[in-house]
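Report on the structure given below.
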Amino acid sequence: MSACGSVSSQSGKNSPAVALEETSPGTSPRQRDRAIGGRGSTGLPWLLLAAMPLVAIGCGPTPAASFRLNMFEASQQRLKPSQEQQVATILAAMFGSPDEPVVLAETGLDEAKLQLAAGPVRSDIVGRKNGLYREHCAHCHGVTGDGMGPTAAFLNPYPRDYRPGVFKFKSTERADKPTHDDLVLVLRNGLAGSSMPSFDLLSESKIDALAEYVKYLSIRGEVELALMRAYFELDDEDQGKLPETREFLVEEILAPVAEAWQSAEDAVIDVPEMPADIDLVASIAKGKELFYGNKANCVKCHGVTGLGDGQANDYDDWNKVVLQAHKTVQGGLEQASKASTWEMDSDELSEHEADLVWLERFGKVLDGNALQPRMIRPRNLRQGIYRGGMRPLDLYYRIHAGINGAPMPAAKGTVPPEDIWHIVNYIRSLPYDFNGTLGVDRPMVARDRL
Ligand code: HEC
Ligand code: HEC
């Protein structure tokens with residue numbers, strides 16, 4: 001990837017342009033005012049303090065990178081072009097651009113860290129590297145964090161779309177956000193058995209900056225979703241436009257998202273100590289019983305063999321919404337083709353026609369803005385490869401809280417906390433369980449058979 005980054009030119013062809021005034025060289029970026037001009041914008045004057053200039057950083061003719069608008073959601077919500085433009089304008093004012101991120105204090109994010117991770121790949125005067133996200137992550141996760149970088153379509157599972165703010169491998173309850181340290185751990189260790197690599201060779205401050213940037217993209221994505229969904233609740237007097245007041249944008253839209261991230265730091269699951277004198281053989285036997293029992297019911301998905309060959313026809317949440325959208329479009333078009341338009345009065349007819357236009361547009365948006373839905377497989381537990389880490393503690397978190405965004409449910413509430421340790425011990429024994437007599441064709445370690 002060149003310094004200016006082929007990825008950085010991934011300026012979404014679907015995103016409405018957000019007109020930002022070119023800035024003159026020589027002035028300090030912080031002294032320049034941002035002009036959130038653009039069609040139909042009222043300028044969000046209260047946000048001008050967080051002035052965000054658009055600086056071209058020696059990239060010659062390559063256009064500056066821009067965030068792609070969430071066209072999937074915009075189409076799903078049937079937004080008008082003027083409403084899409086309003087969302088883009090608000091987002092640019094609140095979060096800046098991929099080259100110049102800005103954040104409001106309410107996000108709790110550290111702008112200096114974001115600067116290190118953002119922008120095109122480059123070094124400053126003292127050789128300090130910037131643009132870490134585009135260097136290491138964007139080809140998979142996309143500049144916008146939509147999980148649709150150029151490499152994404154070839155991978156299974158797909159790289160994570162951060163925008164819904166859902167994360168899997170963490171120390172907090174299922175629906176909670178990950179802590180900063182959880183993200184750091186994911187970056188350090190990678191996710192074994194998926195294409196998400198380890199970045200352990202990067203310095204602590206770089207990993208820290210990248211984790212902060214993931215939060216930034218996620219908060220931005222969640223705010224975008226909240227804005228798009230808010231049109232639905234507008235009153236007639238709003239005339240199809242969101243109020244651009246601080247009260248609405250910060251207090252109603254941003255604050256709940258940011259608070260969820262901040263509260264995760266104090267919401268780490270309380271894990272009881274594994275009894276030091278635990279009888280491992282008895283514990284594994286108890287764990288096995290629970291695994292096959294109908295309370296924990298691990299067997300339903302991970303299979304009688306533990307090879308992950310139980311229920312294998314489900315989807316994760318990211319794929320489910322796309323699958324659902326395909327069904328809506330196909331089902332809708334089929335139904336529309338059968339509708340007897342001659343029986344309709346003029347209102348019904350125009351509604352019918354509007355529906356058709358929308359369904360066809362949504363279908364096109366799906367082709368360009370979503371990856372083909374793919375099923376998720378329950379993990380093969382005889383391989384001993386766990387995305388979220390192989391420490392007993394990692395497995396405890398996984399079983400206690402389940403895996404957010406995936407069909408894997410939480411055992412919390414059905415299995416008492418101490419008993420979760422028995423399941424952990426059983427799971428950890430599975431790769432070494434030879435399931436019968438040893439022989440030349442039956443190696444000791446089950447994973448050698450795979
Ligand atoms: C080669 C592709 C690839 C690259 C490069 C990559 N990732 Fe990932 N990443 C993935 C995949 C695939 C997943 C999803 C795994 C899953 O869903 O289980 C993922 C998931 C994640 C998650 C979600 C973890 C969770 O708990 O849910 C985070 C955070 C993440 N990546 C951050 C990064 C960052 C930051 C970088 C750059 C420093 C990066 N990734 C580079 C492929 C990649
Ligand atoms: C409804 C289906 C379902 C049930 C029930 C279920 N799982 Fe899972 N499990 C999954 C799926 C799907 C995955 C893969 C998730 C992913 O790829 O992100 C998974 C992943 C896992 C992992 C891998 C975690 C990692 O870090 O890679 C472990 C361990 C696990 N399950 C253990 C269990 C145990 C123990 C139980 C019973 C208490 C259980 N599962 C019940 C569907 C299920």
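Where a number appears in this text, it was derived from the coordinates with a stated rule and is not lab data. All figures in this text were calculated on a predicted structure; none of them were measured in a lab. Here the Cβ positions follow ideal geometry from the backbone for every residue, glycine too, while neighbour counts run over all protein chains shown.
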statement: For Ser123 and Ala192, extending 7 Å from Cα along the Cα-Cβ vector and measuring point to point gives, in nm, a value of 3.5
query: Cα centroids of region 187-202 and region 352-383: how far apart, whole angstrom?
result: 28
message: Using each residue's phi in region 313-329, evaluate 6.51 cos²θ - 1.76 cosθ + 1.60 at θ = phi - 60° and report the 3J(HN,Hα) Karplus result to the nearest Hz, with x for Gly and Pro.
response: 10, 9, 10, 7, 5, 5, 6, 4, 5, 5, 4, 4, 5, 4, 5, 4, 5
query: What is the Cα centroid distance between region 63-79 and region 237-278, reported in whole angstrom?
result: 23
- line: For Ile278, the residues 5 or more places away or on another chain with a placed amide H closer than 5 Å to its own amide H are none
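Sort Glu73, Glu252 so the one with the fewest other Cβ atoms within 10 Å of its own Cβ comes first.
By the 10 Å Cβ count, ascending, the order reads Glu252, Glu73.
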- request: Provide the per-residue ³J(HN,Hα) series for region 249-262, in order, calculated from phi with Karplus coefficients 6.51, -1.76, 1.60 and θ = phi - 60°, each as a whole number of Hz, with x at glycine and proline positions.
  value: 5, 8, 6, 8, 9, 6, 4, x, 5, 5, 5, 4, 5, 5
- prompt: Around Gly96, which amide H atoms from residues at least 5 apart in sequence, or from another chain, sit under 5 Å from its own amide H, with H modelled in the peptide plane?
  reply: Val102
message: Distance cut-off 29 Å, Cα to Cα: go down the list Lys80/Lys170; Lys129/Lys320; Lys300/Lys338; Lys80/Lys168; Lys80/Lys338; Lys170/Lys241 and report the pairs above it.
response: Lys80/Lys170; Lys129/Lys320; Lys300/Lys338; Lys80/Lys168; Lys170/Lys241
statement: Any residue on another chain or 5+ positions along whose placed amide H is under 5 Å from the amide H of Ile376 is listed here as Asp314, Tyr315, Asp316
